[in-house]
Amino acid sequence: MTTTITPTSTEIADVLDKALAHIIRVGFCKKYLYSTRQHRGGTPLNQCAVDLDGAINVAVHGTPLHLGRDPLTRAVVEAVAARITAPSLATWCDYKGNGKTQAIALLRETAAQLRKEAW
């Protein structure tokens, strides 16, 4: 028997806070989970600039790599994806005009909305 634990809105919001803090600290990138240029230059994966998926993965797993879609990671991605019109977070990141400022705002606003709904 498989048991699935559904993350709470507060748990999801906490991950979003960690993801946006990571983007603030290391930077935002487009086209991939993390800056391959930085990594090739010797920067550890968890210190490379990231896209939204990468930031969420760092917040949950400590690495920008996809380690599987556990319930928490899936719930966080779904919460953010529900607020965008792009077909995926990766696509949203690549849209012209979506940069670090917009990514931080999207994560911050999603977390705030989830906390508001939890009350």
What is the dipole size for the stretch 1-105, taken about its Cα centre, with +1 at each Lys and Arg Cβ and -1 at each Asp and Glu Cβ, in debye to the nearest 20?
460
Tell me, what is the per residue accessible area of the stretch 62-102 in Å², probe radius 1.4 Å?
55
Those aspartates and glutamates that a straight Cα-Cα span of less than 15 Å connects to K96, excepting residues fewer than 8 apart in one chain:
D51
Over the stretch 26-119, what percent of the accessible surface lies on carbon and sulfur atoms, probe 1.4 Å?
53
Computed over the Cα atoms of the chain, what is the convex hull's projected area averaged over all directions, in nm²?
7.8
Once both labels are modelled 7 Å past Cα along the beta-carbon direction, what's the A90-T63 spacing in nm?
1.7
Rounded to the nearest 10 degrees, the helix 71-81 long axis (Cα) sits at an angle to the longest Cα principal axis of the chain of 80
Ranking H22, H39 from most to least accessible area with a 1.4 Å probe gives H39, H22
Are any of the pairs K30/K116; K18/K116; K18/K100 more than 25 Å apart by Cα-Cα distance, and if so, which?
K30/K116
If you rank T10, T101 by how much accessible surface each has, with a 1.4 Å probe, what is the order from largest down?
T101, T10
Just the accessible area for K100, please: 1.4 Å probe, Å², rounded to the nearest 10?
90
Could you give the angle, 0 to 90 degrees to the nearest 10, between helix 52-61's Cα long axis and the longest principal axis of the Cα atoms of the chain?
70
Of A86, A13, G41, farthest towards positive along the dipole that unit charges on Lys, Arg, Asp, Glu beta carbons give the chain:
G41
Largest first, how would T6, T110 line up by accessible area (1.4 Å probe)?
T6, T110
So, taking all protein chains as they sit and a 1.4 Å probe, how much accessible area belongs to V77, in Å² rounded to tens?
20
Based on the Cβ-Cβ distance from T43 to R74, what FRET efficiency comes out when R0 is 35 Å, to the nearest 0.05?
0.80
Compute the relative contact order of the chain as a whole-number percentage, counting only Cα pairs closer than 8 Å that sit 6 or more residues apart in sequence.
35
The stretch 15-25 - phi-based ³J(HN,Hα) in whole Hz, Karplus 6.51/-1.76/1.60, Gly and Pro as x:
5, 4, 4, 5, 5, 5, 5, 5, 4, 4, 6
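The values are calculated or read from the model by the stated rules, or taken from the named source; none is laboratory data. What you are looking at is a predicted structure, and each value in this text was computed from that prediction instead of being measured. Cβ coordinates were reconstructed from backbone atoms using ideal geometry, including for glycine residues, and neighbour counts include every protein chain displayed. Side chains included, ligands, DNA and RNA excluded: accessible areas come from the protein's heavy atoms. Shrake-Rupley method; radii C 1.70, N 1.55, O 1.52, S 1.80 Å.
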